[in-house]
Amino acid sequence: ITVNPTGQVDDPVDQIVCNGDTTDEVVFTTQNTGGTTTYTWTNTDTSIGLAASGSGNLPSFLISNPGNDPITATITVIPFFDNQGIPCTGPSEDFTITVNPTGQVDDPVDQIVCNGDTTTVGFTTENTGGTTTYDWSSDLDIGAGLSGIGDMDFTAVNTGIEPIIATITVTPTFENGGVECVGPSEDFTITVNPSAQVD
């Protein structure tokens, strides 16, 4: 009398990835020996770009999340141990694939200010469920420098006699679960008028 062991699968590692990235292939493993272990799996959220079910290892695939919030799909894998044509089903294991949205920043409003004015630009985003940070760069130094992180708060400077226009590029990064997802940049301008002057 040959007694096969119960099917067994090691718990796969959870993944957190960015929208538009490719997942890591998931190769299922088992502690069982002396026979063959096969696997079937199901997926609770096909919107991430993965089928609702399948068999064998989970191939890498292009991940999708066009929304503003992270989405999490739960993958359930069931092992089957086979020896001499006798399949023995084992307990399932769950793991998750979380898809962060692409970083996003609302297009800031262009500003026109005077030399010596205090100027503030607060960056905003539609994304939720994580943290969005902002890197910005400017083609002219109008008192804020040529680059920075976070909101802008500075005193505008134009010591000349004509208006100057700085084009500022802000790039958002969405972070959730230790995974950062950079999004497309937005450009806006700040025009600094010179101080009024009379000969």
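Each value in this text was obtained by applying a stated rule to the coordinates, not by laboratory testing. Here the structure is a predicted model, which means the values were calculated and not measured. Backbone-built Cβ (ideal geometry, glycine too); neighbour counts: all protein chains shown.
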Label point at residue 187 placed 7 Å out along Cα→Cβ; residues across region 132-164 whose backbone nitrogen lies under 14 Å: 137-140
Taking the Cα of residue 137, stepping 7 Å toward and past its beta carbon, and measuring to each backbone N in region 3-29: which are under 13 Å? none
Ordering of 101-108, 64-71 by burial proxy (mean other Cβ atoms within 10 Å per residue, highest first): 101-108, 64-71
Need one number: nm distance between label points at residue 162 and residue 27, each 7 Å from Cα along Cα→Cβ, rounded to one decimal. 6.5 nm
Those GluC sites (Glu not before Pro) in region 102-199 that DSSP places in a loop and that have at most 16 other beta carbons within 10 Å: 126
Residues with beta-carbon under 12 Å from that of residue 187, excluding residue 187: net charge, scoring Lys, Arg +1 and Asp, Glu -1? -4
Per residue, the convex hull enclosing the Cα atoms of region 98-199 spans a volume in Å³ of 79 Å³
Taking 0.36 nm per residue of separation and subtracting the Cα-Cα distance, what length does fully extending residue 112 through residue 51 add? 16.8 nm
Any idea how far apart residue 86 and residue 10 come out in nm if each label point goes 7 Å out from Cα toward Cβ? 2.7 nm
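Take the alpha-carbon positions of the chain, form their convex hull, and give its projected area averaged over all directions (one quarter of the hull surface) in nm². Show your work: numbers first, answer last.
Values: hull surface 52.9 nm².
That works out to 13.2 nm².
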